[in-house]
1. Need the list of lysines near Lys186 for cross-linking: C-alpha distance under 30 angstrom, and skip anything on the same chain fewer than eight residues off.
2. Under a cut-off of 24 Å between alpha-carbon atoms, report the lysines in cross-link reach of Lys56, not counting same-chain residues fewer than 8 places apart.
3. Given an 8 Å cut-off on Cα distances and at least 6 residues of separation, report the relative contact order of the chain as a percent.
4. Quick check on the chain: helices-only [θ] at 222 nm, where DSSP H runs of length 4 and up contribute -39,500 (n - 2.57) each and the sum goes over total residues. Nearest 500, please.
5. List the aspartates and glutamates whose Cα sits under 20 Å from the Cα of Lys129, skipping any in the same chain fewer than 8 residues away.
6. Tell me, in nm to one decimal, what length is gained between Ser47 and Ala30 on full extension, where the rule is 0.36 nm per residue of separation less the Cα-Cα distance?
7. How many percent of the accessible area of the chain is carbon or sulfur, using a 1.4 Å probe?
8. With every protein chain left in place, what is the accessible area per residue of the chain in square angstrom, probe 1.4 Å?
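The values are calculated or read from the model by the stated rules, or taken from the named source; none is laboratory data. Fair warning: this is a prediction, and the values are worked out from it, not measured in the lab. Ideal geometry is used to build each Cβ from the backbone, glycine not excepted, and the neighbour counts take in all protein chains shown. The protein model used for the area step is the full one, side chains on, heavy atoms only, and it has no ligands, DNA or RNA in it. Shrake-Rupley method; radii C 1.70, N 1.55, O 1.52, S 1.80 Å.
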Amino acid sequence: MTIDTLFRRLCFTCAILLPVLLLCIFASLAFHSTQAWKTFGFSFLFSTDWDPMTDKYGAFPSIVGTLATTGIAMIFAVPLSFMTAFYLSDIPRHSSAPLSAGLDLLAAIPSVIYGMWGLFVLVPFMQTKIQPFIVHTLHLKNCPLIGGEYNGFGCFTAGIVLALMVIPFISAMMRDVFMMTPPLLKESAMGIGCTRWETARDIVMRYGLRGLVGAVFIGLGRALGETMAVLFIIGNTMTIPKGIFGSGTTIAATLANHFAEADGLLKSVLFALGIILLILSFTVQILTQYFLNRAKAKRGER
């Protein structure tokens, strides 16, 4: 056996391990969640019940909380990450190097630290400054998405913390994509009179579309599965939030809250929530590939 053959087989083995591992995880979750699906069926997805005393459980509040916090996080994170990355890729090296290092350090902060900061700093600030301004000063308390009740906790605060957590990841990847754009393309665009925004929109973004979309969805994947930071500040109530300021829970937070003492049907329900979260992540990836393939077809790429 030659070295090339050995190396090829080793690479093939490493490559095949990833889908095998993924199938094993999926099979394990499906096996341990069988009792929950047999007991509640697909109504489990839309039920709002959560009563361990009577063994009645529903996933809908956790699903809504997960989607709400992730959506809020991405609304804030994507534009801020884009502007940060574009600025870092466009300024001189002696200025971008320390700022990029600081951005990378933010990505290394553990999620529990973000949760502690959110609990002791952001929650009081939201309760005394931001939420009263939105509800009373802007008179939005009757808006269905806002609501008139607030205490600093809730989906909105959790979404902001999630945004701060994913911005370093998205920005770092976008920065690298921007820096891979050939300087000749950007200089040619500016040479014919394009502004910096036009250059970024029509040249840089089009050239690095796959990398930019990949960066966004990597941040989305982290926001979907984040646990500790959300656990501290979302309120942890098994109810559907009454507006973005309302308390709720996420799938990951529910797993962290109940898994230690779970047994019997409750344990199976938590595995069912785990497989729902996994399917949500798969759905995001499928939509990403669909979007990228359509974008490639429109641009005439193979």
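1. Cα-Cα hits under 30 Å: Lys296, Lys298.
2. Answer for Lys56, where 24 Å is the Cα cut-off: Lys38, Lys242, Lys267, listed by chain and number.
3. Result for the chain is 28 percent.
4. Calculated mean residue ellipticity at 222 nm is -21500 deg cm²/dmol.
5. List returned: Glu149.
6. Extra length from Ser47 to Ala30 when fully extended: 4.2 nm.
7. 70 percent
8. I get 56 Å² per residue for this part.
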